[in-house]
Structure formats: C-alpha cells, structure tokens
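One structure is given below, encoded as structure tokens.
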Amino acid sequence: MSIYHRCCFLVSVLLSLVSSVIAAERYTIQIGAYETAAAAEAAALSAEAYADPVHVFEGEGTHPWKVTLGEFEFYAGAWAVKEKLNRPELTGCFIARRDIARPQRNEQLPVDEPFTLNGFPDRPRNRVPIEELQPLEYMRSVGLESNERLPAELSGAALASLDNDQLYRVGVSDSDNARGISALQTFISNAPTDPRVNRARLRLAKRLMRTDDFTQIEQVLTTVEGEQNEELTPVCGFLRAYVVLKRDGKSAAIDDFAAVAGDMTVPAALRRDAMRRVARAMHSTGDPAGAWLAFERILESAPDRSTQAWARMQMAGLAIELAGRGKGTLAEGRELAERAAAMPGIAKRDRATALLMRLETLFNERRYEGLPLQIDAYLAEFSDIRRECLTARVLKGTTLLQTGDEVGARAVFEAVAAEENVAARDMFGSEDQRARALGYLCQLCVRHGDEQGYTTYMGELTQRFPGSRHRTEALEYYETEERLKLLHE
C-alpha cells in the first residue's frame, strides 16, 4: 500500500471514529414523509422558517424521505414539545427515534412556553451560578417572611401595652396568626407615615391569606399599589396571583403566576418563585407536558446548582409517571433521577427523592434481586429524612413480599404502622404510609386465614384512616378471597 493510500486509509478511519462519537440516537418529531428527496427538502425548507433544527432522513416505505424537527435525549421531552406544538400543520406529527449525525441544541421550536425568560441574563453553558437573592431571602427583605425569634416578653404581652416598634415586630414575627394580624392593623392605624407601613401592609396581606378574607387582602394591596413604590408594587402582583391560588385553586392561578414569571419589572427572586408555582400547578392539575417544559426552563435558567438539581429531579419524576402511561421507559426516568442525584449542590432531601424514584423504577421493572439490600443502604444514608424513609420502608416490605419473604415483610409493615406523629410534611401528597402498611397487613392475614389478625388490623385501619383507599382495597381483597373459598367448597 502506497503512502498516499495509507494516509487516505488513516483519514477514513479517523473520520469514521469521529462520526461514531458525534452520531447519537435521539428522539425527534416527524412532521412529514415524501416520495422524493426534492419534496422532502422543500418541506424542510418551509419548516426552517419557524423551527430549528430540521432534518431530512431517508428511510423505508413508499414515502421513504422523512422530515423531522427537534432533537431530544428523552422521550418525555419530545412528547412534551409534540403536545404543545402550536402550528395547525403539525397536528398529525408523531415521535420517531433516529441516529442524528451531529446532535445539536434545540434553538427554536413552535411551542407555547409556560412563561417567558425575557430579562434574565444569559447563563453560560458551564452553569456558573448567578448572584441573586433566593425567593425566601427576598420575601424576608420586603417583610413578607421573618426568621426573627420573638422575645418571650413580646409574645405574651397585651397589644395595648406595646409601642409602635414592638407592634411591628409582633406583627411580622409572631407565630400566632390572629395576634399578628391584630398587631399589624394596630401598627398601620397608629403610624400611617412610618417608612415600614407598606411592608406591614404586605405582611398583613400574607397573613390574611390564612383567613380567606380576600376582599380585605385586595383592599390592602390596592393601598400599597397606590403608593407607587418601585420596590414593593411588583410584590402585589405576586400576592394577587396567590389570592387566585387560594380562592380558585391551582389551575386558575397558572396564568396569574405565569404573568408574574414573565414580568421584567418583578424582582428575579419572585419571578423564579412564580416559575416553580406554575410548574407545580401544571403537574398537579393534569398538564404533564406543560410541567415538563416549565421544569426544563427552570433548569436552563436557574441561578444556582441546587435549583438546577431540583428541576431535573422533578423532570425525572415526570418521566417515570409518563413511562407508566406507556410514554417512554422507566430506564429513562431512572437515568434522569440518577443524573439529578449526582448533580453538585443538590439538596439532601431532593437527592433522597431522586434516589427513591430510582429504587421504585427497579421495583416496577421487577428487578427484585438485591433490591432489599439497596433499600437498606438508602435508609442508612437518609435516616434523617422521614418522608422518603417511610416510603422506602414500605417499598422494602412489598419487595420482600414479591420475593416470598412474608415474615420479613410483615415485620417491616408492623414497624411502619406503629410510627407515631406522622405529619403532612412526612407524606407524598396525602399518602400516609402507615395506611399502606396496615392494608398490606390485612391482606397477609387474609392470605393465611388469620381472622383475628385481619379484624385487628382492619379495625386500626378503619379507626385511623377511614377514608383511605388502602382500607377499600383491603376490604375488596377480603371479599374476593371469601368468594373464592365459597366456589371451592
């Protein structure tokens, strides 16, 4: 072989290696199929007017030339965009999986975004944090929240005996909401020209949220807006959105919080808080596509690593939910959860949630071997995070059931059922793991003909969790088994 041919061979090998590195399988959205390359190229050229990237592929069939837009590593991302495409000619599109020669970032797609990111500084792709106040810090800076520990002498004193400064401190910081409202109202009445009076009004509006006195809240906010204070007026829009949330529910409040998130006159911390509320509301009100896009935008624009990791953890949860509906795979959700857990700066509780989701995907894929040991390691690492640990303990019990260790499973369920002082913060939604454990104990007793045990556990379940779905499921299981017995007699 000549030196020339050797060089050509080496170049060819290097190019193939580079190609194999660059090429990647991605999900795309197919928007058309054509008989000829020319027709596909013409369609792609038309699509490029509103979308980037657009690709043309040669496939099989009577219309082998395919036109696609977008590149997505995960099915959930492609599905979310497909659901939100806002051009009428794209209504018949579907998701395909292709080898993309040169994976690139989605720069522009015809999608209705949950909120705009206009006004936020562009962030470098290396995720250098941006210095800005976090939402809670901002809330404290304008008096909406307080971390001050109120002195005992102020906490117990009659309001009539306090001076204006003391009234303000009580109104902002007292844990007794009714007392705080009275203190703020008295302070506002006594000191209408005090420089803190509008902060007092904002704190009053926040406290009044707990009373559902929306008419009074609106009056207070109107007064603050009338002062035309550049620092405090934008907060009123956020609180008005919060009124809609409290009065009309999450679905009704989405547009109001989205307006706050997209308003460049609102401080960045409040805009970011509003973004989270939009994303959560979309998730909980049955719009997973909108929620995915919202969490994705939070991930892209977050000023700190902790928020980035939180957003990715939420996206992992959505991907797992969608996989349960046949949209994507549990493996993709697990990969997202693992990536979130490994992100620098992730809060411990968010890491615990991400790794719990990972364990749940293994269970749902019936990969039980070694899973109890993995759960034990998880419980050791996150022993101080009760919500996740209670769920993981029940997951261990159900895993032991699936592997035939009913004695071990029963011990786990009995220990969980005996837990005391489980608060709302210790539950995912309204799911009390003690009710789940009691439901499984009822089923175990039925399975082994333990009538006394069943009566005991069903009595506990009925007394402690009368409206629980686990009670209903345990009763149905008992009735089914009883009918089967009659059939076999």
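The values are calculated or read from the model by the stated rules, or taken from the named source; none is laboratory data. Source: prediction; values computed, not measured. Here the Cβ positions follow ideal geometry from the backbone for every residue, glycine too, while neighbour counts run over all protein chains shown.
Evaluation of residue 478 against the conditions (1) free of Cβ contacts under 8 Å to residues at least 24 places away in the same chain; (2) farther than 29 Å from residue 353 by Cα shows that the sole unmet condition is (1).
Search region 408-428 for residues being of a type in the set (A, V, I, L, M, F, W, C) and more than 17 Å from residue 376 (Cα to Cα), and hand back the single one that is surrounded by the most Cβ atoms within 10 Å (Cβ to Cβ). Here the residue is 417. Exactly one residue out of 235, 220, 224, 243 is over 17 Å from residue 294 (Cβ atoms), surrounded by 19 or more Cβ atoms within 10 Å (Cβ to Cβ) and either touching a Gly at 6+ places or on another chain (Cβ under 8 Å) or without any contact (Cβ under 8 Å) to a residue 24 or more places away in the chain (or both): that is 220. Looking at region 141-239, the helices (runs of 4 or more DSSP H) lying wholly inside it that each contain 1 or more residues that are within 31 Å of the chain's Cα centre (by Cα) and β-branched (Val, Ile, Thr) sit at 164-173, 214-226.
The residue that is farthest from residue 387 (Cα to Cα), among those in region 459-487 that are aliphatic (A, V, I, L, M) and under 34 Å from the mean Cα position of the chain (by Cα), is 475.
Yes/no per residue for (1) surrounded by fewer than 22 Cβ atoms within 10 Å (Cβ to Cβ); (2) farther than 22 Å from residue 351 by Cβ; (3) in contact with an Asp or Glu (Cβ under 9 Å, 6 or more places away or on another chain):
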residue	(1), (2), (3)
285	yes, yes, no
300	yes, no, no
303	yes, no, yes
306	yes, no, yes
310	no, no, yes
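Quick check on residue 277: is it touching a Phe, Trp or Tyr at 6+ places or on another chain (Cβ under 8 Å) and of a type in the set (D, E, K, R)? Taking the combined requirement at face value, the residue satisfies it.
If you check 404, 453, 459 for being free of Cβ contacts under 8 Å to residues at least 24 places away in the same chain and outside any helix (DSSP H, G or I), only one passes: 404. Looking only at residues in region 31-54 that are among the hydroxyl-bearing types (Ser, Thr, Tyr) and surrounded by 13 or more Cβ atoms within 10 Å (Cβ to Cβ), the one that is farthest from residue 87 (Cα to Cα) is 34. Residues of region 409-425 that are closer than 15 Å to residue 448 by Cα and of a type in the set (Gly, Ala, Ser): 409 alone. In region 430-449, the residues that are outside any helix (DSSP H, G or I) never reach a residue that is at pLDDT below 95 and surrounded by 21 or more Cβ atoms within 10 Å (Cβ to Cβ) with C-beta atoms less than 8 angstrom apart, at least six apart or across chains.
Flag: residue 388 does not match the condition of being loosely packed, with under 14 Cβ neighbours inside 10 Å and among the charged types (D, E, K, R). Taking the numbered list (1) crowded, with 23+ Cβ neighbours inside 10 Å; (2) over 12 Å from the mean Cα position of the chain (by Cα); (3) outside any loop (DSSP other than H, G, I, E, B) in turn, residue 294 passes all entries but (2). Mind checking which residues of region 407-429 are within 23 Å of the chain's Cα centre (by Cα) and touching a residue at least 12 places away in the same chain (Cβ under 8 Å)? Across region 407-429, the qualifying residues are 422, 425, 426, 427, 428.
Does residue 316 satisfy the criteria of being crowded, with 23+ Cβ neighbours inside 10 Å, out of contact with any Ser or Thr (no Cβ under 8 Å at 6 or more places or on another chain) and modelled with pLDDT of 95 or more? Judged against the criteria, residue 316 is a match.
Among all positions in region 339-351, there is no residue which is assigned to a helix (DSSP H, G or I), buried (at least 19 other Cβ atoms within 10 Å of the Cβ), in contact (Cβ under 8 Å) with a residue 40 or more places away in the chain and of a type outside the set (D, E, K, R). Cβ-Cβ contacts under 6 Å between residues 6 or more apart (or on different chains), taken from a first residue in region 23-45 that is of a type in the set (Phe, Trp, Tyr) to a second residue that is surrounded by fewer than 15 Cβ atoms within 10 Å (Cβ to Cβ) and not in a helix (DSSP H, G or I), are listed as 27/97; 34/63. A Cβ distance below 9 Å, combined with a sequence gap of six or more or placement on separate chains, defines the contacts here; from region 91-105, residues that are surrounded by 10 or more Cβ atoms within 10 Å (Cβ to Cβ) reach residues that are at pLDDT below 85 and of a type outside the set (Gly, Ala, Ser) in the pairs 100/22; 101/22; 102/22; 103/22. What about residue 309, is it within 22 Å of residue 251 (Cα to Cα) and touching a helix residue (DSSP H, G or I) at 6+ places or on another chain (Cβ under 6 Å)? No, not satisfied.
Picking from residues in region 240-267 that are assigned to a helix (DSSP H, G or I) and of a type in the set (Gly, Ala, Ser), the one that is farthest from residue 203 (Cα to Cα) is 251.
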